[in-house]
Amino acid sequence: MHEITSSLPPACDFNEVRRVEGFDRIREQYPDFLSDESKLTMGPFDLLFFPANESELSAVVKEMVRRNIPITVAGARTGLVGGCVPPEGALVSLAQMSKVLAVYHAPYAREWRIRAEAAVRLADIDKMAESKRFPDLEKSQDPFVIEQLRLYGGEQQRYFYPPDPTEMSASIGGSVATNASGARTFRFGPTRDWVRGIRVMTMTGEVLDIPRGKYFSSPSGWFTVYDGKGSCYPVRIPDYQMPRTKNTAGFYASPHMDLVDLFIGSEGSFGIITSVDIALLAWQPKCSIILFTESDERALHLVETLRSDKRLKLDFLEFYSSSAMDLLRDMQAGDPRHVGMPAIPESAGAAVFFDVGFDPLEEKPDFRALEESTASAGVYLADSWAGYEPRELARFKAFRHLLPEKITQVLSERKKTYPGLHRLSSDLAVPDEHLFDMWRLYRTQLDQAGFEWVAFGHVGNNHLHVSTMPRNMEELERGLRLYAQFAQKAAAYGGAVSAEHGVGKIKSKFLAKMYSADEINQMHAVKTALDPDMLLNPGNIFAA
Amino acid sequence: MEIVVAVKQVPEISEVKINRETGTLIREGVASILNPFCEYALDHAVRLKAANPEIRITALSMGPPQARAALLRALELGADRAILVCDRKFAGADTWATALTLSEAIHQFVPGYKLILVGKQAIDGDTAQVGPELAEMLSLPQISYGIEAELTAGLKRIRVKREIESGYQIMEARLPALVSFSKGEVIRRAPSFKEILGARAKQIKVADASELGLAEKEVGLSGSHTHVVKIFPPSQKVHGRMLTGLEAGEAGREICLFLKDRGIPTDSDMRYRT
Ligand SMILES: Cc1cc2nc3c(=O)[nH]c(=O)nc-3n(C[C@H](O)[C@H](O)[C@H](O)COP(=O)(O)OP(=O)(O)OC[C@H]3O[C@@H](n4cnc5c(N)ncnc54)[C@H](O)[C@@H]3O)c2cc1C
């Protein structure tokens with residue numbers, strides 16, 4: 001079916017919606033709402049709304065459209081590209097739409113799901129899924145909700161939500177809008193793969209209820225959206241090829257595509273996601289392993305070996321470059337307790353992190369495949385740290401996330417001398433066969449430039465965060481030019497210019513490196529079909 | 001040279017939660033770990049072995065079948081072998097019955113031991129009695145609250161730095177001896193995956209009451225001379241006041257006023273004594 005009809009939520013009085021009016025008041029009472037984690041700020045805006053439900057949201061949308069006022073949508077404002085930073089008009093914060101609506105078993109899919117309003121935080125979803133305690137649902141009057149909660153509570157198996165972006169205070173709505181990914185994307189895919197349905201409000205103020213697997217584009221690539229009044233909005237899906245990598249740059253498009261996928265990762269370009277159904281997965285006990293290698297190149301070789309060995313099922317494959325290890329050694333020299341791990345071995349030139357399924361009480365665990373595979377790459381399991389107890393898993397995870405914190409610290413020190421300084425960070429992914437090419441490019445260019453840089457992150461997806469810490473403004477300028485070249489090259493390799501953080505406002509200029517003018521026009525056509533006056537999230541994706 | 005490290009599996013508790021009705025520890029949903037002080041004892045055994053490679057380390061535990069996990073951790077960290085004494089009859093043992101059972105196991109399975117290392121206490125019961133009782137039962141010299149240890153006199157003596165309230169003490173004992181430890185590695189060791197797999201290739205010997213030749217009335221609840229009447233959290237100390245964001249001089253004045261307000265003599269009344 002490629003036709004879908006939206007419906008109007010129960011009416012409510014626009015004047016009842018919680019709001020702050022006037023830029024001065026907003027700045028005074030809600031200073032955090034002027035920016036997100038990119039720290040980008042834009043022009044003044046005069047309206048800030050906190051709708052509590054779909055009815056209130058609908059009243060706001062209809063009134064803003066009537067007055068021709070642009071709307072920017074904010075989830076938890078953890079974005080890194082300024083997506084929820086309003087250039088003008090109104091900011092709609094979904095913070096009040098933060099209830100979990102159900103945990104339920106989908107019998108055909110044989111999986112447990114959670115239905116939650118947009119502002120529920122990922123960290124809370126994780127906690128509730130694991131502890132099987134849902135404060136919102138315990139108060140429910142709905143017999144179905146109560147019964148399903150009881151059944152879930154009675155399950156012996158532990159469940160989890162596989163997407164694991166680093167910033168767990170993000171909202172579920174925001175993470176779906178940006179198709180967030182994390183380390184585990186290597187095995188389990190990005191957020192997209194775990195979304196089973198969404199409710200999304202269009203600029204008509206009506207809601208589309210889109211379960212996955214119901215609405216597909218027509219053979220010629222169209223969807224037709226009707227509103228409650230019978231108006232028709234035909235949408236033509238772009239015909240470009242998506243990169244074969246992790247990607248959050250540009251709208252998702254594929255032949256015979258599911259309508260839900262058009263909204264996932266579109267950064268709120270087409271509508272406001274009000275609630276989401278996500279799937280949970282049975283959790284298996286794990287052992288976290290940090291394998292040390294003599295050099296960066298050896299580590300990348302190991303990565304290629306491990307991921308091509310079909311016998312192995314690794315949850316993720318992450319990387320610390322040799323320069324990253326040196327920075328961590330510095331931290332250990334300062335305060336070993338802060339790092340929380342034993343002294344990094346002298347011989348460790350780089351490190352590769354992964355998790356394997358592991359039952360601690362199994363009598364004769366068989367890891368011959370892993371032993372063979374690592375040895376064939378010239379790396380040995382004796383040169384590793386490993387841990388499987390919950391406290392060890394937490395300790396290893398913290399170690400994996402330690403580096404960005406150190407980089408921020410180094411830079412804030414330098415900012416005292418050069419206030420305009422910031423770190424340069426890449427978010428580029430390339431197809432498997434170009435991992436080494438991209439690595440050589442980074443290394444030769446950055447070393448030649450004489451920069452202080454480290455690489456870490458999602459090496460299994462050929463998606464490294466390469467962070468340069470400029471020492472002065474001149475280095476920053478040179479670095480910016482170099483990073484633009486990196487993006488160009490990644491796109492030429494068939495990769496993505498924004499693998500994880502989205503485009504928002506900050507990266508809209510990179511889009512042209514990946515897509516032709518015609519392809520960007522096709523994206524624009526989708527946008528105007530659903531938001532004819534370009535009032536929703538202005539400045540996102542398409543530079544204003 | 002044989003070293004025995006007695007270890008216990010405990011719930012991983014940072015904050016003790018107590019069931020008010022039964023007065024027992026709530027262990028539900030809490031992961032089990034090797035008691036941190038036992039891990040310190042093991043740290044020291046491993047260090048002694050690094051200096052004296054002929055040492056063989058045996059990890060010994062009395063506990064339910066699940067305590068195997070704690071012994072596996074001990075093997076991963078460097079114990080050469082592990083023994084679990086495990087029998088329903090041991091259930092409900094107090095510190096005396098536990099020490100008696102362990103002492104029998106040591107007699108039987110590691111008769112040539114030269115050193116017994118223990119943690120100062122287990123974090124679930126906090127009695128700090130099993131180590132000293134074990135030393136008494138085996139008629140061994142004992143040094144408690146150790147933080148450093150070294151073997152001297154051609155492996156005939158052990159020299160231990162121990163914590164006391166006013167500082168440190170260095171004591172020596174002839175071997176065989178028992179030492180309890182209150183500190184080890186500041187940061188937990190991380191075994192390699194090879195060591196984790198290696199631990200699983202080793203056999204853990206399991207022994208029951210009959211193998212130890214102990215009578216039923218000597219072990220478990222019936223062999224216990226004490227029983228727990230009540231467990232309760234100690235009353236909370238009144239929190240002090242934290243001064244932050246002040247210059248040193250300013251902070252000093254604040255502290256001085258705070259003490260004066262409470263009638264405590266301060267610098268102006270009393271010269272600082274060193
Ligand atoms: C330290 C740190 C680490 C990070 N690590 C990762 C990572 O590992 N992986 C990753 O993918 N991202 C990461 N991010 C980026 C960010 O956390 C994600 O993009 C996150 O998904 C954004 O969610 P949010 O709720 O904060 O959205 P916001 O920042 O509020 O909004 C992001 C965009 O989505 C739109 N939006 C938000 N909610 C909705 C909605 N309900 N309907 C329609 N549009 C909406 C906004 O308009 C905006 O364009 C990181 C950020 C930080 C600060």
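Applying the criterion of at least 2 residues that are of a type in the set (Phe, Trp, Tyr) to the helices (runs of 4 or more DSSP H) found wholly in the stretch B:28-123 leaves B:36-51, B:95-109. Given the structure, is residue A:457 in contact with a strand residue (DSSP E or B) (Cβ under 6 Å, 6 or more places away or on another chain), on the phi > 0 side of the Ramachandran plot and small (Gly, Ala, Ser)? Judged against the criteria, residue A:457 is a match. Test residue A:278 against the stated conditions and say whether it is in contact (Cβ under 8 Å) with a residue 40 or more places away in the chain, part of a strand (DSSP E or B) and over 15 Å from residue A:208 (Cβ atoms). Considered against the rule, which asks whether it is in contact (Cβ under 8 Å) with a residue 40 or more places away in the chain, part of a strand (DSSP E or B) and over 15 Å from residue A:208 (Cβ atoms), residue A:278 comes out as yes.
Residue-by-condition table, conditions (1) within 24 Å of the chain's Cα centre (by Cα); (2) crowded, with 23+ Cβ neighbours inside 10 Å:
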residue: A:198; (1), (2): yes, yes
residue: A:212; (1), (2): yes, no
residue: A:235; (1), (2): no, no
residue: A:244; (1), (2): yes, no
residue: A:256; (1), (2): no, no
residue: A:261; (1), (2): yes, no
residue: A:279; (1), (2): yes, no
residue: A:297; (1), (2): no, no
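Restricting to the stretch A:351-378, and then to whatever is in a loop (DSSP other than H, G, I, E, B) and more than 11 Å from chain B (Cβ to nearest Cβ), can you tell me which residue is surrounded by the fewest Cβ atoms within 10 Å (Cβ to Cβ)? Of everything passing the filter in the stretch A:351-378, A:378 is surrounded by the fewest Cβ atoms within 10 Å (Cβ to Cβ).
Confirm whether residue A:157 is touching a residue at least 60 places away in the same chain (Cβ under 8 Å) and more than 15 Å from the ligand (Cβ to nearest atom). Yes: the conditions hold for residue A:157.
For residue A:48, the test of being outside any loop (DSSP other than H, G, I, E, B), within 13 Å of the ligand (Cβ to nearest atom), surrounded by 19 or more Cβ atoms within 10 Å (Cβ to Cβ) and modelled with pLDDT of 95 or more is failed. Listed conditions (1) free of Cβ contacts under 8 Å to residues at least 40 places away in the same chain; (2) touching a Ser or Thr at 6+ places or on another chain (Cβ under 7 Å) are all met by residue B:121, apart from (1). Residue count for the stretch A:95-115 satisfying the condition of being in contact with a strand residue (DSSP E or B) (Cβ under 6 Å, 6 or more places away or on another chain), more than 16 Å from the ligand (Cβ to nearest atom) and not in a strand (DSSP E or B): 0. Of all residue pairs spaced 6 or more apart or on separate chains, those with beta-carbon atoms under 9 Å, a first member in the stretch A:298-313 that is assigned to a helix (DSSP H, G or I) and a second member that is among the hydroxyl-bearing types (Ser, Thr, Tyr) and surrounded by fewer than 17 Cβ atoms within 10 Å (Cβ to Cβ) are A:305/A:376. I need every pair where a residue in the stretch A:66-81 that is on the phi > 0 side of the Ramachandran plot has its Cβ under 7 Å from the Cβ of a residue that is part of a loop (DSSP other than H, G, I, E, B) and more than 6 Å from the ligand (Cβ to nearest atom), sequence separation at least 6 or different chains. As it stands, the answer is A:68/A:533, since those pairs meet every condition given. Screening A:92, A:20, A:73 for residues that are in a strand (DSSP E or B) and more than 16 Å from the ligand (Cβ to nearest atom) leaves exactly one candidate, A:20. Among the conditions (1) in contact (Cβ under 8 Å) with a residue 12 or more places away in the chain; (2) under 24 Å from the mean Cα position of the chain (by Cα); (3) in a loop (DSSP other than H, G, I, E, B), the only one that residue B:234 does not satisfy is (1). When residues in the stretch A:143-165 are screened for being in a helix (DSSP H, G or I) and basic (Lys, Arg), 1 of them pass.
Reported count of residues in the stretch B:147-197, each being within 14 Å of chain A (Cβ to nearest Cβ) and in contact with a Pro (Cβ under 9 Å, 6 or more places away or on another chain), is 9.
Mind telling me which of the residues A:292, A:270 ends up being within 14 Å of chain B (Cβ to nearest Cβ) and aromatic (Phe, Trp, Tyr)? The conditions single out A:292. For the stretch A:314-325, residues that are within 22 Å of residue A:442 (Cα to Cα) and part of a loop (DSSP other than H, G, I, E, B) total 2. Inclusion of residue A:308 among residues that are farther than 20 Å from residue A:467 by Cβ and of a type in the set (Ser, Thr, Tyr) is warranted.
Let me confirm something: among A:81, A:61, which residue is crowded, with 19+ Cβ neighbours inside 10 Å, modelled with pLDDT under 95 and either in a loop (DSSP other than H, G, I, E, B) or within 16 Å of the ligand (Cβ to nearest atom) (or both)?
Sole residue among the options that is crowded, with 19+ Cβ neighbours inside 10 Å, modelled with pLDDT under 95 and either in a loop (DSSP other than H, G, I, E, B) or within 16 Å of the ligand (Cβ to nearest atom) (or both): A:81.
What number of residues within the stretch A:379-410 satisfy the criterion of being away from chain B (no Cβ under 13 Å), of a type outside the set (A, V, I, L, M) and assigned to a helix (DSSP H, G or I)?
So the first thing to find is which residues in the stretch A:379-410 are away from chain B (no Cβ under 13 Å), and the list is A:397, A:400-410.
With of a type outside the set (A, V, I, L, M) added as a condition, the list becomes A:397, A:400-401, A:404-406, A:408-409.
From what's left, assigned to a helix (DSSP H, G or I): A:397, A:400, A:404-406, A:408-409.
Of the residues in the stretch A:379-410, 7 are away from chain B (no Cβ under 13 Å), of a type outside the set (A, V, I, L, M) and assigned to a helix (DSSP H, G or I).
One line per residue, one yes/no per condition, for (1) surrounded by fewer than 19 Cβ atoms within 10 Å (Cβ to Cβ); (2) more than 13 Å from the ligand (Cβ to nearest atom); (3) among the acidic types (Asp, Glu); (4) over 24 Å from the mean Cα position of the chain (by Cα):
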{"position": "A:477", "(1), (2), (3), (4)": "yes, yes, yes, yes"}
{"position": "A:488", "(1), (2), (3), (4)": "yes, yes, no, no"}
{"position": "A:493", "(1), (2), (3), (4)": "no, yes, no, no"}
{"position": "A:512", "(1), (2), (3), (4)": "yes, yes, no, no"}
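Would you say residue A:127 is within 14 Å of chain B (Cβ to nearest Cβ), more than 9 Å from the ligand (Cβ to nearest atom) and more than 30 Å from residue A:304 (Cα to Cα)? Against the criterion (within 14 Å of chain B (Cβ to nearest Cβ), more than 9 Å from the ligand (Cβ to nearest atom) and more than 30 Å from residue A:304 (Cα to Cα)), residue A:127 qualifies.
Restricting B:126, B:94, B:87 to those that are assigned by TED's automatic domain parsing to the domain that holds residue B:214 and without any contact (Cβ under 8 Å) to a residue 40 or more places away in the chain reduces the list to B:126. Scan the stretch A:413-430 and give yes if some residue there is part of a helix (DSSP H, G or I), away from chain B (no Cβ under 14 Å), surrounded by 14 or more Cβ atoms within 10 Å (Cβ to Cβ) and in contact with a strand residue (DSSP E or B) (Cβ under 6 Å, 6 or more places away or on another chain), otherwise no. Within the stretch A:413-430, not a single residue is part of a helix (DSSP H, G or I), away from chain B (no Cβ under 14 Å), surrounded by 14 or more Cβ atoms within 10 Å (Cβ to Cβ) and in contact with a strand residue (DSSP E or B) (Cβ under 6 Å, 6 or more places away or on another chain).
The values are calculated or read from the model by the stated rules, or taken from the named source; none is laboratory data. As the structure is a prediction and not an experimental result, all values here were calculated from the model. Note that each Cβ is placed from the backbone with ideal geometry, even for glycine, and that neighbours are counted across all protein chains shown.
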